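Just so it is clear, none of the values below were taken in a lab; they were calculated from the coordinates. Because the structure is a prediction, the values reported are computed rather than measured. Cβ placement follows ideal geometry from the backbone for every residue including glycine, while neighbour counts extend to all protein chains displayed.
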Amino acid sequence: MINYIKKNLADTKELLESLTADQYSKKIEILSEGSIGQHIRHILEFFQCLFHGIANGEVDYDSRKRNLQLETDKDFALKTIEEITKQLLEIKGDQDLLLIANYSVDSESKQKVKTTLFRELTYNLEHSIHHQALIKVAVFEMQICGTIKENFGYAPSTLRFNKEKNNVHSNIHSN
């Protein structure tokens, strides 16, 4: 799983390296005036919350810093990706954690849910892919499609399904 997350972050890094500073922070109407940088910040801060929580056994994604530098400074985001990748390499095994979450808009009612490091890493990978799909919308909206890999923002299960579907389709037409 660590290798899949590293690949996912490497794909994100590759995209960021191809963007200008303006493209990174440009507000996109179709994304409710969100930017690629805001989505990158959101992805990276979830990983940061997870790594912060490992030390005390509790992960609270609601407590992310919402660091504006991550969403406006592409170079800072690239350095943060490198830091997260290094932290991934330090993981030696799974461990029990508590997820702290508040799903109420109106109260401070926090829930505690038993989870594990590997489960949260899996969640972070899926969360990253989801936001990559939104980033892909921004890339298409800005008409800079050459900056992005074809499979960027797709879940591995979707890619496998499409590959199998294409194989079946090819076999039908070759008979």
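With r as the distance between the Cβ atoms of Ile2 and Lys26 and R0 = 22 Å, compute the FRET efficiency 1/(1 + (r/R0)^6) and round to 0.05.
Taking R0 as 22 Å, the efficiency between Lys26 and Ile2 is 0.10.
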### Segment Lys149-Leu78, extension gain: residue separation times 0.36 nm, minus the distance between their alpha carbons
23.8 nm
### Query
For the chain, with the dipole built from +1 on Lys and Arg beta-carbon atoms and -1 on Asp and Glu ones, taken about the Cα centre, which of Gln87, Ile2, His42 lies farthest toward the positive end?
Ile2
### Query
So how tilted is helix 2-18 from the main axis of the chain? Cα-based, degrees 0 to 90, rounded to 10.
70
#### Entry: Separation of the Lys92 and Ala133 label points, Cα + 7 Å toward Cβ, nm
3.7
### Task
For n ≥ 4 DSSP H runs only, could you compute -39500 (n - 2.57) per run for the chain, divide by its residues and tell me the 222 nm figure to the nearest 500?
-20500 deg cm²/dmol
### Message
For the range 88-123, which chymotrypsin sites (Phe, Trp or Tyr not before Pro) pass both filters: DSSP loop (anything but H, G, I, E, B) and at most 13 other C-beta atoms within 10 Å?
### Response
Tyr103
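Under the classification rounded if a/c is under 1.5, otherwise prolate if a/b is larger than b/c and oblate if not, where does the range 52-175 fall, given a ≥ b ≥ c as square roots of the Cα gyration tensor eigenvalues?
Prolate shape, in that a/c is at least 1.5 and a/b is the bigger ratio.
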### Query
Taking the simple approach of a point 7 Å from Cα along Cα-to-Cβ for both Phe140 and Asp106, what is their distance in nm?
3.8
### Message
Applying a 10 Å radius around every beta-carbon, put 106-114, 26-34, 135-143 in order of their mean neighbour count, most first.
### Response
135-143, 26-34, 106-114
### Task
Show which lysines lie in cross-link reach of Lys65 when reach means a straight Cα distance below 19 angstrom and same-chain residues fewer than eight apart are skipped.
Lys74, Lys79, Lys110
